[in-house]
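Every number here is computed from the coordinates shown, using simple stated rules; none is lab data. This one's a predicted model, so the numbers in the text were calculated from it and none came from an experiment. Reconstructed Cβ throughout: ideal geometry from the backbone, glycine too, with neighbour counts over all protein chains shown.
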Amino acid sequence: MTDTPKLRLGTRRSPLAMAQAREARDRLCAAHGWAESAVELVPVVASGDRIQDRPLAEIGGKALWTKELDAWLDEGRIDAAVHSLKDVETHRPDFLAIAAVLPRADVRDVLVGASSIAGIPRGARVGTSAPRRAAQMLHRRPDVTIVPFRGNVATRIAKLAAGDADVTLLAAAGLDRLGESGVGTPLELDEWLPAPSQGAIGIECRAEDERVRGLLAALDHEPSRAAVEAERALLAALGGNCHSPVATLTRGEDPSIALTAALYSADGAEKVEGTATFAPGDARGPARLAADLLARATPGVAALFAGSE
């Protein structure tokens with residue numbers, strides 16, 4: 001007779017999401033001395049996975065990655081949900097809590113189809129549907145053309161091979177988790193900033209569920225949580241949305257952390273950048289940085305940071 005699982009872990013059904021859920025399960029079992037069967041993976045097809053022919057910002061934003069799992073948590077069909085935190089809205093329902101942030105993986109983007117940004121052929125088509133990647137690329141290479149490019153890692157690599165674009169950009173963390181770390185060229189952080197929360201896996205549960213929160217707390221990686229919380233606090237203070245091109249990088253400078261952020265206009269022509277250093281957990285630090293960036297923002301940048309998610 002099979003034992004009842006100690007935890008039901010919800011996840012999107014995509015290959016990367018399943019890999020992240022397996023990592024969370026393995027860490028849970030190792031932390032608590034459980035057999036693998038103690039954690040049941042419960043996959044759901046998210047709206048963002050079903051709709052692949054339009055940019056995310058046009059069809060509902062980041063909520064398309066989370067709303068099904070949120071509903072299942074609310075209904076008690078799962079005990080916790082695993083997310084790529086860069087795909088999670090800044091403002092979450094009050095009944096949910098991010099109970100654990102796993103050790104953050106490589107935050108860099110990977111360029112596929114060229115060996116460097118300078119090496120991209122003039123006038124090339126860059127496949128991406130991410131406003132940050134599009135604006136940052138146009139800032140560096142205004143001669144290129146951005147073409148819409150959505151889908152999971154395998155789909156985007158296949159589209160590139162089919163000639164739908166000349167180059168594309170993928171997250172190093174996702175490639176590593178899929179065993180595809182040899183694909184493309186990682187872009188160094190002094191030339192290309194990643195997305196807020198890139199490379200971070202978060203596990204959410206019902207805020208009042210003390211049993212599950214206690215179990216998940218064993219996985220929480222404090223430095224990764226501090227960095228992610230700072231980047232999410234910055235986004236909240238900026239009032240950005242899925243159309244807002246913002247790139248961030250958090251570095252630990254014990255006992256403080258340093259948060260760098262760059263905001264762009266949609267066409268990449270305008271940019272404002274700044275850095276703030278503050279103690280981990282201090283939400284006022286990101287707020288001060290946001291206020292400084294918005295005060296110096298050009299009209300084309302400021303227009304993209306006036307709403308909310």
Give me the extension gain from residue 288 to residue 145: residue separation times 0.36 nm, minus the current Cα-Cα distance, reported in nm with one decimal. 48.0 nm
So what are the ³J(HN,Hα) numbers for the stretch 137-151, from phi and the Karplus equation (6.51, -1.76, 1.60; θ = phi - 60°), rounded to whole Hz, Gly and Pro as x? 5, 5, 5, 7, 9, x, 7, 7, 10, 8, 10, x, 8, 10, x
If a paramagnetic tag sat 7 Å from the Cα of residue 275 along the Cα-Cβ line, which residues of the stretch 187-226 would have the backbone N under 17 Å from that point? 188-194
At 1.002 mPa s and 20 °C, plugging the Kirkwood radius over alpha-carbon pairs of the chain into Stokes-Einstein gives what diffusion coefficient in µm²/s? 107 µm²/s
Suppose the chain between residue 38 and residue 258 were pulled fully straight at 0.36 nm per residue; how much longer would it get relative to their current alpha carbon spacing? 75.3 nm
Taking a ≥ b ≥ c as the square roots of the Cα gyration tensor eigenvalues, with a/c under 1.5 meaning rounded and otherwise prolate when a/b beats b/c, else oblate, which class fits the stretch 109-186? prolate
Mind giving me the FRET efficiency for residue 211 and residue 30? R0 is 25 Å, r the Cβ-Cβ distance, nearest 0.05 is fine. 0.85
Express in nm, to one decimal, how much length is gained between residue 267 and residue 303 on full extension, taking 0.36 nm for each residue of separation and deducting their alpha carbon distance. 11.7 nm
Just from its helices, what would the mean residue ellipticity at 222 nm be for the chain, if runs of 4 or more DSSP H residues each count -39500 (n - 2.57) and the sum is divided by every residue, rounded to the nearest 500 deg cm²/dmol? -10000 deg cm²/dmol
For the stretch 281-289, 3J(HN,Hα) per residue [Karplus equation, 6.51 cos²θ - 1.76 cosθ + 1.60, θ = phi - 60°, Hz, x = Gly/Pro]: x, 8, 5, 6, x, x, 5, 5, 5
Contact order relative to length of the stretch 146-281, as percent, for alpha carbon pairs under 8 angstrom and 6 or more apart: 17 percent
With a 10 Å Cβ neighbour count serving as the proxy for reagent exposure, in which order, fewest first, do 209, 190, 79 appear? 190, 209, 79
Cα-based count: Lys pairs in the chain below 30 Å, eight or more positions apart or different chains? 10
